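Report on one structure; see the data block that follows.
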Amino acid sequence: MAINTITLAEKMTDELDRAVVQKSVTGFFCDNAVRAKFVGANTVLIPNVELSGLGNYDRDDGFAQGSINVSNTAYDLTMDRGRSFMLDAQDCDESGIPGLAGQVMGEFVRTKVIPELDAYVLSELGYYAEQNSQTVNTSQQLSALKTFTEACNKVYNETGYDEELVAFVNGSTWADLQESPEILHFITVNDFKQGGIDLKVKTVNGVPILPVPDGRMKTIFEFYDGRTTGSPDQTVGGFYAPLVSKNIGMLVLPRRAAALVKKTEKIRIFDPDKNQQADAWKFDYRIYYGLIIKESLKRAIYAYVY
C-alpha cells in the first residue's frame, strides 16, 4: 500500500472516530471511559472502590478502624460491527480518492454508524431501567414536564442533589415539553461538553435535554449480521426494533452512570492493485464497542416507557 494511502486511512480513522463521539447523541459516554483497562480480546476492567462509613471517635482508643476494598469488575464488549465497500477503479482516478472516500465514509458514519450506536446505548439503558422497575408514573394525567420532574427527583434521591444529570427524550415527549406553557419559566440554553467540543443544548432546571429520533428510543433492538439471506433478509445490515420492544419516552440518569468503551474504530483502504477481489478501491470499516453501566449508579437510571 502506498504511503499516501496509509496516511489517508489514518486521517480518515481519526476524523470518523471524532464524528462518532461528537455527532452521536450518546457520544459523551465515551468521555467516561478514560479509566477502562483491557484484558484479553474483549474484556475490560472497571475499578470499584468501597469504603467503610464513619464510626465514633474514642478519646482513649482513637479512630475506629475502617476498610478500603478495591476491586475490578469485568465487562465483555458485545458489539463487533463492520462493513466493506468497493468503488470501481474506473469511477474515479487516484487523485480523486481522498475527497470521494471521505464523502462516502463520512456519509456511512452519519447515516448508519451513529444511529446504530445511539440505538444500542439507549436500548441498553432503557431496558435496564424497565427490567428493574426504575420507571416513572406513566399516567396520562401527568404533563411531560411533571414526568421529567418526577424522574429527576427519583434520580436525585439515589445520588444526592449535586449530581450532574442528563435526560434523553423521544420526539413525542420533546414536542410535549415544548408545548407546555410551564416550561418557559425553567428552560435555558447552556454549554454541554462532548468529545472535546461545547454544544449548545436546552436545559430544564440545569438538566440538559437531548432530543432523540423515535426510531432510536426503544427498549430492544435486533442487529442484522449483514450476511444471512432469507426472511428477514439480514444482508441489508443495520438494526430494527422487534414487536416486543417498547418506546422510551424519557430516560434520565447521571451523566457518569455509563461508559461507552471502544476498543476499535478503524478504516482500511486498499487501492486497486492491492485489492485481490476486484479492480476497485476497497474500504473496510470496523467498530468494536460496548456499554458499561457503573455498579454504583445502576439504581439512578429512570425511564418512562410505553
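The values are calculated or read from the model by the stated rules, or taken from the named source; none is laboratory data. Values in this document were obtained by computation on a predicted structure and should not be read as measured data. Please note: Cβ atoms are built from the backbone with ideal geometry, for glycine as well, and neighbour counts cover all protein chains shown.
Within segment 156-176, take every residue that is aromatic (Phe, Trp, Tyr) and free of Cβ contacts under 8 Å to residues at least 40 places away in the same chain and give me the one that is surrounded by the fewest Cβ atoms within 10 Å (Cβ to Cβ).
Ranking the candidates gives 161 first.
Whether any residue in segment 248-256 is touching a Pro at 6+ places or on another chain (Cβ under 9 Å) and either buried (at least 17 other Cβ atoms within 10 Å of the Cβ) or among the acidic types (Asp, Glu) (or both) is what I want to check.
There is at least one residue in segment 248-256 that is touching a Pro at 6+ places or on another chain (Cβ under 9 Å) and either buried (at least 17 other Cβ atoms within 10 Å of the Cβ) or among the acidic types (Asp, Glu) (or both).
Scan (1) surrounded by 13 or more Cβ atoms within 10 Å (Cβ to Cβ); (2) part of a strand (DSSP E or B) for the single condition residue 220 breaks and write down its number.
For residue 220, the exception is condition (2).
Which condition does residue 195 not pass, out of (1) at pLDDT 95 or above; (2) closer than 20 Å to residue 112 by Cα, if it passes all the others?
Condition not satisfied by residue 195: (1).
Cβ contacts < 7 Å: first residue over 20 Å from residue 204 (Cβ atoms) and touching a residue at least 40 places away in the same chain (Cβ under 8 Å), restricted to segment 247-260; second residue assigned to a strand (DSSP E or B) and of a type in the set (Ser, Thr, Tyr), any location; separation 6+ or different chain. Result?
Within 7 Å, the pairs are 260/289.
Could you please find all residues in segment 183-207 being touching a Leu at 6+ places or on another chain (Cβ under 8 Å) and within 19 Å of residue 24 (Cβ to Cβ)?
Answer for segment 183-207, where residues must be touching a Leu at 6+ places or on another chain (Cβ under 8 Å) and within 19 Å of residue 24 (Cβ to Cβ): 191, 192, 193, 201.
Here is a list: 222, 295. Which entry is modelled with pLDDT of 85 or more, farther than 30 Å from residue 175 by Cβ and more than 15 Å from the chain's Cα centre (by Cα)?
Going through 222, 295 in turn, just one is modelled with pLDDT of 85 or more, farther than 30 Å from residue 175 by Cβ and more than 15 Å from the chain's Cα centre (by Cα): 295.
Pairs please, first residue from segment 64-81 and aromatic (Phe, Trp, Tyr), second anywhere and surrounded by 13 or more Cβ atoms within 10 Å (Cβ to Cβ), Cβ atoms under 6 Å, 6+ apart in sequence or on different chains.
75/44; 75/292
Which residue is farthest from residue 137 (Cα to Cα), if the candidates are limited to segment 236-255 and must be assigned to a strand (DSSP E or B) and not β-branched (Val, Ile, Thr)?
Ranking the candidates gives 239 first.
What are the residues in segment 258-302 that are closer than 16 Å to residue 27 by Cβ, in contact with a Phe, Trp or Tyr (Cβ under 9 Å, 6 or more places away or on another chain) and hydrophobic (A, V, I, L, M, F, W, C), if any?
Passing the criteria: 258, 259, 260, 261, 291, 292.
For residues in segment 38-81 being among the acidic types (Asp, Glu) and part of a strand (DSSP E or B), which is farthest from residue 121 (Cα to Cα)?
58
For segment 264-276, enumerate the residues that are under 19 Å from the mean Cα position of the chain (by Cα) and surrounded by fewer than 16 Cβ atoms within 10 Å (Cβ to Cβ).
Taking segment 264-276 as the starting set, the residues that turn out to be under 19 Å from the mean Cα position of the chain (by Cα) are 264-266.
264, the sole residue that qualifies.
Before we move on, is residue 171 modelled with pLDDT under 95 and within 27 Å of residue 80 (Cα to Cα)?
So residue 171 does not fit the description; no.
Could you please find all residues in segment 177-204 being touching a residue at least 12 places away in the same chain (Cβ under 8 Å), under 22 Å from residue 156 (Cβ atoms) and surrounded by fewer than 12 Cβ atoms within 10 Å (Cβ to Cβ)?
Once the filter is applied, which keeps residues that are touching a residue at least 12 places away in the same chain (Cβ under 8 Å), under 22 Å from residue 156 (Cβ atoms) and surrounded by fewer than 12 Cβ atoms within 10 Å (Cβ to Cβ), segment 177-204 yields 188, 193.
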